[in-house]
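Since the structure comes first, as structure tokens, the remarks are kept for the end.
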Amino acid sequence: MANQVKAAAVGELAEGEMKMVDGERLMVLVNLGGSLYALDDECTHAACSMSDGLIDQESIECPCHGSIFNVKTGEVEQGPAEEPLPTYDVKVEGDTVYIVAD
């Protein structure tokens, strides 16, 4: 059964902002153009925190070695990482944003 993690209040993140969310694992919540996306916060290359990285359009860059991932899909756009970041569904109920994690 899926686990819902309270991630933020609706409107808490401005466009282009991100936030680390601590559930059963660390995740990062990202606002792209008003849509919210969630990914693992740990880079698949060197276990660095993606929430300390940079957002550029639909990409998130790891602050340690520069791996770039697509925020919407988690796919690697530029190495050295070779494995994609796991992504999670985001759900809004009332004034609360949840990340749906397995």
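The values are calculated or read from the model by the stated rules, or taken from the named source; none is laboratory data. In this text, all values refer to a predicted model and were calculated from it rather than measured experimentally. All Cβ positions, even for glycine, are placed from backbone atoms using ideal geometry, and neighbour counts span all protein chains on display.
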TODO: For the range 72-102, name all the residues that are in contact with a Ser or Thr (Cβ under 9 Å, 6 or more places away or on another chain), in a loop (DSSP other than H, G, I, E, B) and either of a type in the set (Lys, Arg) or under 21 Å from Glu24 (Cβ atoms) (or both).
DONE: Lys72, Gly74, Glu83, Pro84, Leu85, Pro86
Task: Check on Ala14, in a loop (DSSP other than H, G, I, E, B), farther than 22 Å from Glu75 by Cβ, touching a strand residue (DSSP E or B) at 6+ places or on another chain (Cβ under 8 Å) and of a type outside the set (Ser, Thr, Tyr) - done: yes
Task: Filter result (at pLDDT below 95 and buried (at least 19 other Cβ atoms within 10 Å of the Cβ)) within the range 57-93 - done: none
Task: Matching residues in the range 58-93 - criterion: being closer than 19 Å to Asn3 by Cβ and free of Cβ contacts under 8 Å to residues at least 40 places away in the same chain - done: Gly74, Glu93
Open item on the list: One residue is enough: does the range 78-95 have a residue meeting the conditions over 23 Å from Gly23 (Cβ atoms) and among the hydrophobic types (A, V, I, L, M, F, W, C)?
Closed with: no
Task: Flag for Ile55 being touching a helix residue (DSSP H, G or I) at 6+ places or on another chain (Cβ under 8 Å) and in a strand (DSSP E or B) - done: no
